[in-house]
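The block underneath contains the structure these notes are about, expressed in structure tokens.
The values are calculated or read from the model by the stated rules, or taken from the named source; none is laboratory data. Model, not experiment: these values are computed from the prediction. Please note: Cβ atoms are built from the backbone with ideal geometry, for glycine as well, and neighbour counts cover all protein chains shown.
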Amino acid sequence: MRFLALAATIFALTGLTGSAFAEHHGETSHGPLGEVPSTVMPSLWHHSAEFEQEVIEVTDGVWVAVGFALANSIMVEGDDGVVIIDVTESVEEAERVWAAFSEVTDKPIVALIYTHNHADHVLGGRGFVPEGDIPAYSHSSTNYYLDRFINIVRPIIGNRSARMFGTFLPTGPEGMVNDGIGPFLSAGGNNEATIGVIRPNTTFDNVLDVEIAGIQFHMEHAPGETNDQILVWLPEKRVLFPGDNVYRAFPNLYTIRGTPYRDVAAWTQSIDTMRALQPEYLVPSHTRPLTGEAEIADTLLAYRDAIQFVHDQTIRGMNRGLSPDELVEDVVLPDHLRTHPFLLEHYGTVEWSVRNIFGGYLGWFNGDAASLSPAPVAERANAIVNLGGGVAETMTALRTASSNSEHRWAAELATYILVVDPANEEARMIKADSLRQLGYGSVSPAGRNYYLTQALELEGALDMGDDSVAAAPDPSITDSFPIRSILGSLPVGLNPARAAGKDITVGFRFTDTDETFTIHVRNSVADLQEGFPEEPDVAIAMTRKVWFEIMTRQRSLPLSIATFEMRVTTGALTIPKLIEFLTLFGSDE
């Protein structure tokens, strides 16, 4: 029986799936050394200098910690305390940042501000404030997005995130160089890292002006990379904190780990709101700060123009009838934007953005009726291989494509061969090599890491199973996330073949919160509803902590029943019925 490993979900939606980079802890630099290797694009290699680890004084009373974690953490010093903007992805990283900040001032932390819900900005709160009792400001929707961390698509998002961020790649010229918006990920996965959430408790819808520790803070809803994104503005100091709406890389208008549609037009408008403030200092939550009104004005203008250009020209091409594959060839940034230092494709790419905009407006259908119901994958692969003269002749074409450095075509052709002949090791190795070469040629670390990770998977050096990503939850997690979100992972894990013809109703009662739920499995569908069923086949009662730990495999189900930490009632055959119910969820393996 395979349970969904829900603890990993905390990082999955935002890509924080862990890192094997513990050796970086304590280093002061993650920048490039020596000559640019042939396996790394030069601009990406030099981009690592952006994450040299240090605490930078931006202006009087404002510091930013760069290079300690994926995201920056910012400290604003007031009369009788400090305010921390964004708290990193883990308790351990937050503690390291706070230790560095404490060398600057001995004033206590009096408030936290979250620019948005992404895990690298919110999950390290208790590393700054262990007791968790502190005002924490955010947009009013941030708690909603935090709840979605316990997510129904956790397994696939987790694995795609691990590939995108190079979670399990070696560090160096043939592996992970940097992560585009930060030096590395340092939470979950191969590292021991702790989630320590302090929930937002002081929220607003549109605008909030407030004085904290004698400093005037203006916070404003500014949707972009996330719907709950806010900007933070210090009018007296003319310092702007844009969150993740601006950083030194082409914006991630789409992330290849998978994401809901990001409203590109709203993102442009949010940058216009920032431009109107005419900041003297710009302190992104990723990459290094900028100083000088003129340079910041130029950067914000170029950033918003690049986003609008990609949006508008994609729509223009769509209205001309171009398909996504045609659009990515058609939409190319003009030189003055393409070469701007804040728009190099060191995180997002124009190609991925174009495809996302098309899908956001029109969905998956490309407009060609031939794609409405295409041939099944196996049929298509067989037809292509047969057109090539069979596996042997197609292998000759594959070898030729590989030797001619036609790596994109070689990877695709090898994929068809492997559908037809899954045991073809030569095709598998050629595909792995093609992906590796594509990775070496990628300026986007997200693309590079994904290519290189899948190459390792093809070679059998890495197994990305459901439990390849994990993080140790702080005890506050069980109190922080709604139990419905945790239970919600069960219905989408139902195995329809096992559940065919089944009719089982299980009632859940959580004794510490008085919440009740019903899951009714009826003929290959699992229906989750609030409330306790009138006549359940199985009734179970426990605390949310016990169920959470059972679901995350930290606690034994049989032992929990034997020790009465989980109470199972309603008949002599209840235990077998519960076991039958649980075995309906999971893969066919």
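Taken together, the residues in the stretch 351-393 that are assigned to a helix (DSSP H, G or I), under 23 Å from GLY258 (Cα atoms) and not hydroxyl-bearing (Ser, Thr, Tyr) amount to 11.
Each row is one residue, and each column tells you yes or no for (1) charged (D, E, K, R); (2) touching a residue at least 40 places away in the same chain (Cβ under 8 Å).
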site	(1), (2)
PHE510	no, no
VAL525	no, no
PRO533	no, no
ARG567	yes, no
LEU584	no, yes
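When GLY348 is tested against (1) closer than 24 Å to PRO260 by Cα; (2) without any contact (Cβ under 8 Å) to a residue 24 or more places away in the chain, exactly one condition is not met: (2).
Conditions (1) buried (at least 20 other Cβ atoms within 10 Å of the Cβ); (2) β-branched (Val, Ile, Thr); (3) not assigned by TED's automatic domain parsing to the domain that holds ASP205, marked per residue:
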site	(1), (2), (3)
ALA49	no, no, no
GLU52	no, no, no
SER73	yes, no, no
GLU77	no, no, no
VAL91	yes, yes, no
GLU95	no, no, no
PHE101	yes, no, no
VAL104	no, yes, no
HIS121	yes, no, no
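Would you say ARG262 is modelled with pLDDT under 95, over 21 Å from SER141 (Cα atoms) and outside the structural domain of TYR137 (by TED's automatic domain parsing)? Considered against the rule, which asks whether it is modelled with pLDDT under 95, over 21 Å from SER141 (Cα atoms) and outside the structural domain of TYR137 (by TED's automatic domain parsing), ARG262 comes out as no. Every test in (1) out of contact with any helix residue (DSSP H, G or I) (no Cβ under 6 Å at 6 or more places or on another chain); (2) touching a residue at least 24 places away in the same chain (Cβ under 8 Å); (3) over 13 Å from LEU582 (Cβ atoms) is passed by PHE548 save one, and that test is (1). Residue count for the stretch 389-407 satisfying the condition of being within 18 Å of PRO422 (Cα to Cα) and in contact (Cβ under 8 Å) with a residue 24 or more places away in the chain: 4.
Cβ contacts < 8 Å: first residue acidic (Asp, Glu), restricted to the stretch 425-449; second residue part of a helix (DSSP H, G or I), any location; separation 6+ or different chain. Result? Correct list of pairs: GLU426/MET395; ASP433/SER402; ASP433/ALA455.
Yes or no: the stretch 318-333 includes at least one residue that is within 23 Å of ASP272 (Cβ to Cβ), assigned to a helix (DSSP H, G or I) and of a type in the set (S, T, N, Q). The answer is no; no qualifying residue exists. Among the residues of the stretch 549-559, some residue qualifies, meaning at least one is hydrophobic (A, V, I, L, M, F, W, C), surrounded by fewer than 17 Cβ atoms within 10 Å (Cβ to Cβ) and in a helix (DSSP H, G or I).
The sole residue among PHE365, PHE358, PHE342 that is surrounded by fewer than 15 Cβ atoms within 10 Å (Cβ to Cβ) and not assigned by TED's automatic domain parsing to the domain that holds ASN72 is PHE365.
Checked against (1) surrounded by fewer than 19 Cβ atoms within 10 Å (Cβ to Cβ); (2) in contact with a helix residue (DSSP H, G or I) (Cβ under 8 Å, 6 or more places away or on another chain); (3) under 24 Å from ALA119 (Cα atoms), ALA297 meets all criteria but (3). Restricted to helices (runs of 4 or more DSSP H) entirely inside the stretch 99-180, those with at least 1 residues that are out of contact with any Lys or Arg (no Cβ under 6 Å at 6 or more places or on another chain) and aromatic (Phe, Trp, Tyr) are 125-128, 142-147.
Report every pair of residues separated by at least 6 positions or lying on different chains whose Cβ atoms are under 8 Å apart, first residue within the stretch 311-335 and free of Cβ contacts under 8 Å to residues at least 12 places away in the same chain, second in a helix (DSSP H, G or I) and charged (D, E, K, R). Close Cβ pairs satisfying both conditions: LEU322/ASP330. Within this structure, ALA414 fails the test of being closer than 18 Å to ILE256 by Cβ and surrounded by 15 or more Cβ atoms within 10 Å (Cβ to Cβ).
Please verify whether the stretch 383-402 includes one or more residues that are under 28 Å from the mean Cα position of the chain (by Cα) and among the charged types (D, E, K, R). Give the derivation first.
Residues of the stretch 383-402 under 28 Å from the mean Cα position of the chain (by Cα): none.
So far as the stretch 383-402 goes, no, none of its residues is under 28 Å from the mean Cα position of the chain (by Cα) and among the charged types (D, E, K, R).
Would you confirm whether any residue within the stretch 250-269 is in contact with a Pro (Cβ under 8 Å, 6 or more places away or on another chain), in contact (Cβ under 8 Å) with a residue 12 or more places away in the chain, buried (at least 24 other Cβ atoms within 10 Å of the Cβ) and farther than 24 Å from TRP364 by Cβ? No, that holds for no residue. When the criteria are applied in full, TYR114 fails the requirement of being surrounded by fewer than 24 Cβ atoms within 10 Å (Cβ to Cβ) and not aliphatic (A, V, I, L, M).
Summed over the stretch 415-456, residues that are of a type outside the set (Gly, Ala, Ser), more than 16 Å from THR349 (Cβ to Cβ) and not in a helix (DSSP H, G or I) total 3.
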